[in-house]
Amino acid sequence: MLMNVMIDLNTLVEETGAESGLSFNIDGILLDSVNLEYDGNVAAMIGMILKMCLEMSEDVNNGDLRQVMIKNNDGIVVANKDNEDNCIALLSKDISKMGLLLRKMDTVFNN
């Protein structure tokens, strides 16, 4: 499991005020989701984004990829991966929660 600890996705979504969240592996295989329609498709797409960003990071020698943030007009997605390629993504329609999402994900992945 993620960082050898079971993450309670419901609690993570609640603590951050995110609308939804999901856990999956880098290959996009869904493990769990909260409040997300088409969760399998979303896991596959974010997994592909993480994998592509990981390869780009390796190609330009920027070190290991830890986090990807996607910001658009209607919200934000923050996705993190651990050393074993387990991933969590949180989605929020409230852009003002960006700092909280980034900080909480750092806390989860650094403990």
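The values are calculated or read from the model by the stated rules, or taken from the named source; none is laboratory data. Quick caveat: nothing in here was measured; it's all calculated off a predicted structure. Glycine gets a Cβ as well: all are built from the backbone with ideal geometry, and neighbour counts include every protein chain shown. We work out accessible area using only protein heavy atoms, side chains counted, and drop any ligands, DNA or RNA first. Shrake-Rupley method; radii C 1.70, N 1.55, O 1.52, S 1.80 Å.
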Self-check item: Which numbered condition Gly28 fails, given (1) assigned to a loop (DSSP other than H, G, I, E, B); (2) surrounded by fewer than 18 Cβ atoms within 10 Å (Cβ to Cβ); (3) out of contact with any Asp or Glu (no Cβ under 9 Å at 6 or more places or on another chain); (4) in contact (Cβ under 8 Å) with a residue 12 or more places away in the chain
Solution: (2)
Quiz item: Taking the stretch 85-111 only, how many residues are at pLDDT below 90 and open to solvent by 60 Å² or more (accessible area, probe 1.4 Å)?
Solution: 3
Quiz item: Just checking, how many residues over the stretch 58-73 are open to solvent by less than 60 Å² (accessible area, probe 1.4 Å), assigned to a loop (DSSP other than H, G, I, E, B) and closer than 14 Å to Met105 by Cβ?
Solution: 1
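Here are some residues: Leu65, Leu22. Which one is modelled with pLDDT of 90 or more and over 18 Å from Ser96 (Cβ atoms)? Walk me through it before giving the result.
Values: Leu65 fails: modelled with pLDDT of 90 or more.
Residue meeting the stated conditions: Leu22.
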Practice problem: Filter the stretch 40-57 for residues that are surrounded by fewer than 16 Cβ atoms within 10 Å (Cβ to Cβ) and of a type in the set (D, E, K, R) and give the result. | Solution: Glu55
Quiz item: Could you give every pair whose Cβ atoms fall below 8 Å, whose first residue belongs to the stretch 46-63 and is free of Cβ contacts under 8 Å to residues at least 24 places away in the same chain and farther than 19 Å from Ile88 by Cα, and whose second residue is in a helix (DSSP H, G or I) and open to solvent by less than 30 Å² (accessible area, probe 1.4 Å), counting only separations of at least 6 or pairs across chains?
Solution: Gly63/Ser57
